[in-house]
1. Translational diffusion coefficient, Stokes-Einstein: compute it for the chain using the Kirkwood radius over C-alpha pairs as Rh, at 4 °C and 1.567 mPa s, and state it as an integer in µm² s⁻¹.
2. Which loop chymotrypsin sites (Phe, Trp or Tyr not before Pro) in the stretch 319-368, with loop taken from DSSP, have no more than 10 other Cβ atoms within 10 angstrom of their Cβ?
3. Sorting Asp475, Asp91 by accessible area (1.4 Å probe), largest first, what list results?
4. I need the calculated FRET efficiency for the pair Leu425 and Ala455, taking r as the beta carbon distance and R₀ as 45 Å, to the nearest 0.05.
5. Mean 1/r over all different Cα pairs, inverted: what Kirkwood radius does the stretch 89-129 give, in Å?
6. Within the stretch 211-279, report the trypsin sites (Lys or Arg not before Pro) that DSSP leaves as loop and that have at most 15 other Cβ atoms within 10 Å.
7. Just to compare against my own numbers: the Cα pair-distance distribution for the stretch 107-239, 5 Å bins, whole % per bin, please.
8. Quick check: at a probe of 1.4 Å, how many percent of the accessible area of the stretch 83-218 sits on carbon and sulfur atoms?
Amino acid sequence: MNDVQQLDELLDSRRDQARRPVEPCTMVIFGASGDLTSRKLIPALYHLALEKLLPQPYKIVGFARREKTDETWRAELREALGKFSRTQPVDEAVWAAFAANIHYCLGDMSDSKAYEKLASMVAGFPDEKLRRNRLFYLATNPSQFAEVTSHLNAVGLLTRSEAGMTPERVVVEKPFGHDLASAQELNAELTRFAHEKQIFRIDHYLGKETVQNILTFRFSNAIFERLWNREAIDHVQITVGEKLGVGSRGGYYEEAGAMRDMVQNHVLQVLALVAMEPPVSLEAENVRDEKVKLLKSIRPMTASQVAENVVRGQYFAGEVDGEPRPAYRSEVKVKPNSNVETFVAMRINIDNWRWSGVPFYLRTGKNLPHSASEVRIHFKSAPSILFNAGLGRKLDANSLTLRLQPNEGMTLRFNGKVPGGATELRPVRMNFSYDTEFGAYTPEAYERLLLEAMAADATLFIRRDEVEAAWGIVDAIRTAWVGKSLTNREFYAAGTWGPFAADELLARDGREWRNPQPQK
Ligand code: BG6
């Protein structure tokens with residue numbers, strides 16, 4: 001065997017390591033009559049069935065308090081699928097086969113009898129693996145996690161197993177607490193009846209194809225990874241923008257704000273993937289170890305550093321796409337004098353070898369001009385001595401933009417000569433688009449995440465120490481805001497890219513935000 005063959009063999013075996021078979025399993029959804037189930041979970045599972053990715057056999061059990069039978073629940077879900085399925089029309093033959101695996105277990109989450117009923121339902125499933133391989137999806141309020149897991153434990157459906165030896169798993173959604181202390185408490189409750197290895201915390205950004213591609217892109221391309229450090233990079237901008245306002249979620253948002261709703265999870269997750277060191281392998285623990293290391297290298301801020309490096313904003317009335325939008329303070333269930341932030345921009349420093357001296361600018365907000373998430377890597381400028389005279393200004397620095405959504409792809413921006421006699425330079429773009437290269441393929445994040453949870457692969461889920469490290473960062477900032485009202489320079493009109501103070505944050509460093517371009 002020659003060296004190349006040997007290397008190929010090694011690489012193949014590494015890839016196989018990461019691919020786990022999906023065993024027959026039973027998924028029990030608590031809070032099954034909620035929105036998440038009909039809008040996201042069932043459409044995602046239906047698409048997995050459509051693409052023949054579900055294990056054979058499988059069972060889906062909805063556990064909730066409202067009076068329903070298997071038939072009435074299936075009919076409700078079929079109707080919702082008509083509205084929320086990403087592909088239409090629904091394939092009736094696939095739906096019929098899929099629906100036959102859906103069952104309803106009527107019960108109150110605080111009633112031990114209901115769990116006994118659930119246990120006997122599961123015990124009656126015909127396949128040994130279906131009875132043994134159990135996944136509990138807690139689409140409930142986090143305050144109910146402890147109650148549900150302790151009842152499951154009492155009837156023998158969930159057992160804590162040190163090394164993840166039992167096939168039982170618990171899937172939970174954010175919010176994972178509202179600060180570090182409450183997250184620690186929640187984690188302690190969750191791990192009473194399930195080992196950390198049995199807990200799958202969802203951040204739906206990690207299910208997005210383009211977010212997953214950050215690692216592939218970085219670590220499979222020598223041309224970029226060699227430049228991915230302080231030697232070549234001037235700074236990095238991460239924008240996660242949304243053109244929707246808070247709409248009917250005012251009550252929730254008053255408690256959360258952009259910092260808890262977006263920065264603590266999605267924005268910091270994207271940052272971790274962009275900036276982390278290469279993991280030893282793509283195994284879950286190795287990837288998550290590197291993400292945690294990165295989060296821990298973010299320089300903590302004192303209150304005065306928060307004032308200098310973090311800008312909050314709140315929208316007032318304006319227009320998005322020609323549509324009028326009310327001020328945040330006039331939204332339903334929002335206090336008329338609320339100081340909750342609907343926008344955050346921040347400058348952070350990562351104190352490690354690779355990134356020393358490279359600022360990362362992060363921003364996210366509601367009611368911005370477009371919904372667009374992107375990472376923009378700004379390289380250092382080339383010395384412009386050769387072109388100074390002709391240009392009379394600085395050369396445009398190269399940049400690489402990873403467009404996470406929409407218009408998924410990448411753009412490399414560099415300088416080119418404008419054809420003609422004069423030495424005229426201008427930035428040109430090289431564009432890669434997922435759709436053009438691979439055809440339109442936009443699976444919902446939940447499809448990938450549910451499949452991974454069924455396969456017990458935790459790579460795309462958030463580990464306890466990640467959650468806690470992210471809260472540490474967010475708490476320091478939020479504490480510095482306590483008792484401080486928003487000032488005039490922190491308000492922005494709906495339909496603009498945030499408050500003036502966010503532009504000043506970069507201007508002070510001699511830089512400016514590059515705004516995502518609208519989708520063509
Ligand atoms: C959720 C937030 O986690 O993410 C919402 O609670 C936000 O406020 C949403 O709108 C954004 O997700 P996406 O996939 O639309 O970018």
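The values are calculated or read from the model by the stated rules, or taken from the named source; none is laboratory data. None of these values were measured; they are calculated from a predicted model. Every residue, glycine among them, receives a Cβ derived from its backbone with ideal geometry; neighbour counts consider all protein chains shown. Ligands, DNA and RNA are excluded from the accessible area calculation, which covers all protein heavy atoms including side chains. Shrake-Rupley method; radii C 1.70, N 1.55, O 1.52, S 1.80 Å.
1. Numbers: Rh = 25.1 Å.
Result for D is 52 µm²/s.
2. Numbers: sites: Tyr328, Phe343, Trp353, Trp355, Phe360, Tyr361; in loops: Trp353, Trp355.
Those satisfying the criteria are Trp353.
3. Details: Asp475 35, Asp91 65 Å².
Sorted by accessible area, descending: Asp91, Asp475.
4. 0.35
5. Working: mean 1/r = 0.0811 Å⁻¹.
Every distinct Cα pair counted, the radius reaches 12.3 Å.
6. On the way: sites: Arg218, Arg226, Arg230, Lys243, Arg249, Arg260; in loops: Arg226, Arg230, Lys243.
Taking the stretch 211-279 and a limit of 15 other Cβ atoms within 10 Å, the loop trypsin sites (Lys or Arg not before Pro) found are Arg226, Arg230.
7. Values per bin, smallest distances first: 2, 9, 14, 16, 14, 11, 9, 8, 7, 4, 3, 2, 0.
8. Numbers: 3030 of 5670 Å².
Carbon and sulfur together cover 53 percent of it.
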